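Here, each number is a calculation from the coordinates, and none is a lab measurement. None of these values were measured; they are calculated from a predicted model. FYI the Cβ positions are ideal-geometry reconstructions off the backbone, even for glycines, and counts take in every protein chain you see.
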């Protein structure tokens, strides 16, 4: 089993990505490598923020690591919250406040089209590689479901009539933005690491 550092403290993300990766790779979160400083994500793009996080940890450890950044992009809000998704209501990672803010801003709007986009940046031997996943859907009128995290209770992917938060983990991972990005990332890791050993 190959250890790879995931530059995140978000245990929901770590668990979700580990489930997609399977048993060939073992993720080490920032907590597990005893890194507790805040990494300032001040880039204007998802790609930029993912790179900042991955490069920060690579420079400290010298070990293969990756980071992701995810944004919910809503048509009627001109692509917002986008890169500000985690702190849209002003306080980072207040899922309920963020969720309630977008529902308030979409009140009365008929266009509720949206997409989730995830970008993964892998730093291997100092080189940055990017992997992207996108899923289109719509924002529901009200939250439903208890699974998942973030905006999952209000995001209904195209072709489905239930939210991400109502889906089984395996069902969500099979179609999600993060699942798509991690699949591309995993294919690369398998070729780069496992095939050579």
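Once the Cα atoms are used to define both axes, helix 177-189 deviates from the longest principal axis of the chain by about 10 degrees. Across 111, 34, 98, mean-square fluctuation computed from a Gaussian network of the chain (C-alpha pairs under 10 Å connected) peaks at 34. Please find, in a Gaussian network model of the chain (springs between Cα atoms separated by less than 10 Å), the residue of 140, 163, 24 whose mean-square fluctuation is greatest. Its mean-square fluctuation being the largest, the pick is 24.
For a paramagnetic label modelled at 7 Å from the Cα of residue 19 toward its Cβ, which residues of region 161-176 fall within the zone defined by backbone nitrogen distances under 13 Å? Only 164-176 fall inside the zone, counting backbone N under 13 Å.
The angle between the Cα long axis of helix 95-106 and the main principal axis of the chain comes to about 40°, on a 0 to 90 degree scale. Only DSSP H runs of four or more residues enter the estimate; each adds -39500 (n - 2.57), and after division by the residues of the chain the mean residue ellipticity at 222 nm equals -9500 deg cm²/dmol.
Taking other Cβ atoms within 10 Å as a rough exposure proxy, 167, 1 sort from fewest to most as 1, 167. Restricting attention to region 2-194, close to 80% of DSSP beta bridges with both partner residues there are antiparallel.
Every Cα-Cα pair in region 2-194 was counted, and those over 26 Å apart are 30% of them. Relative to the longest principal axis of the Cα atoms of the chain, helix 11-21 runs at roughly 70 degrees. Between 38, 75, 132, the residue with the greatest mean-square fluctuation in the GNM of the chain (Cα pairs under 10 Å linked by springs) is 38.
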